[in-house]
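The values are calculated or read from the model by the stated rules, or taken from the named source; none is laboratory data. Quick caveat, the model's predicted, so the values are computed rather than measured. Note that each Cβ is placed from the backbone with ideal geometry, even for glycine, and that neighbours are counted across all protein chains shown. Ligands, DNA and RNA are excluded from the accessible area calculation, which covers all protein heavy atoms including side chains. Shrake-Rupley method; radii C 1.70, N 1.55, O 1.52, S 1.80 Å.
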Amino acid sequence: MEYGITGRWAIVCAASRGLGYGCAEALARHGANVVINGRDRASLEEAAEKLRAVAPKSQILPVHGDVTDDDVQGTLIDSCEQVDILVTNAGGPPPRETSGTGARASGRRP
């Protein structure tokens, strides 16, 4: 199936693993050039290599850094000819242990 994104440019934030990586892979497999972003440099480089292997015709450009930083945002935008697709997958609290939290632990009724 042709999606009409061959040669288009996509930016995918938080793309070194999980949902962001899945989005980047789907876009690349359908011919988009993808700028991926992540805070963990090693994971980001590994993701870029995997994407290049599954989509050798697509350009895959990793941009390391926190997407909330203005300089990183500028680098993401400057890395591609134009932004056709933007996946803003970043955000949310850091993972943590959840036992002892919530309505029951606080004395509130669920």
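Within region 1-16, being open to solvent by 40 Å² or more (accessible area, probe 1.4 Å) and at pLDDT 95 or above holds for Thr6, Gly7, Arg8.
Is it the case that some residue within region 61-71 is in a helix (DSSP H, G or I), touching a strand residue (DSSP E or B) at 6+ places or on another chain (Cβ under 7 Å) and either over 19 Å from Ala90 (Cα atoms) or among the hydrophobic types (A, V, I, L, M, F, W, C) (or both)?
First pass over region 61-71, keeping only residues in a helix (DSSP H, G or I): 70-71.
Now restrict to residues that are touching a strand residue (DSSP E or B) at 6+ places or on another chain (Cβ under 7 Å): none.
No: zero hits.
Given the criteria open to solvent by 100 Å² or more (accessible area, probe 1.4 Å) and either under 13 Å from the mean Cα position of the chain (by Cα) or at pLDDT below 90 (or both), does Arg109 qualify? Yes: the conditions hold for Arg109. Cβ separations smaller than 7 Å between residues 6+ apart or across chains give the following pairs from region 30-54 residues that are free of Cβ contacts under 8 Å to residues at least 40 places away in the same chain and closer than 27 Å to Met1 by Cβ to residues that are open to solvent by 80 Å² or more (accessible area, probe 1.4 Å) and not in a loop (DSSP other than H, G, I, E, B): Val54/Arg29. In region 19-29, the residue that is farthest from Gly4 (Cα to Cα) out of those that are in contact (Cβ under 8 Å) with a residue 24 or more places away in the chain and surrounded by fewer than 16 Cβ atoms within 10 Å (Cβ to Cβ) is Leu19.
Among the residues of region 31-58, the ones that are open to solvent by 70 Å² or more (accessible area, probe 1.4 Å) and either assigned to a helix (DSSP H, G or I) or over 25 Å from Asp70 (Cβ atoms) (or both) come to 10 in all.
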